[in-house]
Amino acid sequence: MAHAPIRAVDRLFDIVEAIQVRNGAGVSELASALDMPKSTIHGHLATLRDRGYLEQDETNDYHLSLQFLTLGGAVRQGRTIYGHVEPLLAELAEETGESVNYVVESQGKLVFVGSVSGKDGIRTEVDIGFTTDLHTTPEGKLTLAHLPEPRRAAIIDQIEFPIDNSVGRAAFTAELEAIREQGFAHGNETIIKNVTTISAPVIDNEDRFYGTIVVAGPSLRFTDERLDDVTETLRYKIGKLNIDLSYEGTRPVTENQVRTAGPNQ
């Protein structure tokens, strides 16, 4: 049953998101940008400040506080297996020298929830919390390919085909099946220009899918030989994690702990 949105809550989040996008803003700026009365803006800001979610600087502009980081960290620990993945990201970053990320599907999007940079790792604007469409990157397609069929179909239903004016639904679905069969994905159709990624899924012995590990680096550095070496390292390291997850006594209850879907599911 659909419910009408609560306008006050809508306004509150409009304000929070406007402050985040602007990296800080004052009452007048927010009132103008959001077409709200200054009194309404001020009331919401005062409430958020008193609850510890906003801070004011010397110019009286408001900024999001680290209280949001506390919430985000708790969500990451409680809704993903980041506690298990974090040491692996560090190992892979040290061994490959590249940037290594942990990504999951959430609300139909690909979300970056962890990142460690090796000594030669590239610096980009893709931070933790960054989201993008699943069908736009190799790691997104790999993630989509390992979701249960009903979930995968629901997300595919939201894609406007043909993609790039050429790829239809049938061809895209076949591509996902091929990626799933291969067990990893790589390519340079990535978020950042001239960057190549190599990704592999985290799956336990009961076919529960927990997300995707991604190694990223400059395309010029990723020769065919380099691709093979990094792919082998990535799959070996993730294989060890998959075994640990399979035999762990207590599994976390997570948004991203789902049974993967085979062709006949």
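The values are calculated or read from the model by the stated rules, or taken from the named source; none is laboratory data. It should be emphasised that the depicted structure is a prediction, and the values quoted were computed from it without experimental measurement. Cβ placement follows ideal geometry from the backbone for every residue including glycine, while neighbour counts extend to all protein chains displayed. Quick note on the areas: whole protein, heavy atoms, side chains included, nothing else; ligands and nucleic acids left out. Shrake-Rupley method; radii C 1.70, N 1.55, O 1.52, S 1.80 Å.
For the range 25-52, filtering for residues that are in a loop (DSSP other than H, G, I, E, B), under 17 Å from residue 8 (Cα atoms) and either touching a residue at least 60 places away in the same chain (Cβ under 8 Å) or open to solvent by less than 80 Å² (accessible area, probe 1.4 Å) (or both) leaves 2. Name the single residue, out of those in the range 232-248 being hydroxyl-bearing (Ser, Thr, Tyr) and over 19 Å from residue 101 (Cβ atoms), that is surrounded by the fewest Cβ atoms within 10 Å (Cβ to Cβ). Going through the qualifying residues, I end up with 247. Of the set (1) touching a strand residue (DSSP E or B) at 6+ places or on another chain (Cβ under 8 Å); (2) modelled with pLDDT under 95, all apply to residue 61 but (2). Screening the range 53-64 for residues that are under 30 Å from residue 104 (Cα atoms) and crowded, with 16+ Cβ neighbours inside 10 Å and picking the one that is farthest from the chain's Cα centre (by Cα) gives 54.
Scanning the range 112-155 for residues that are touching a His at 6+ places or on another chain (Cβ under 8 Å) and either open to solvent by 30 Å² or more (accessible area, probe 1.4 Å) or more than 23 Å from residue 79 (Cβ to Cβ) (or both) yields 138, 141.
Within the bounds of the range 31-38, is there any residue that is farther than 21 Å from residue 69 by Cβ and in contact with a strand residue (DSSP E or B) (Cβ under 8 Å, 6 or more places away or on another chain)? Yes, that holds for at least one residue. Residue 93 satisfies every condition listed in (1) open to solvent by less than 20 Å² (accessible area, probe 1.4 Å); (2) part of a loop (DSSP other than H, G, I, E, B); (3) without any contact (Cβ under 8 Å) to a residue 40 or more places away in the chain except (2).
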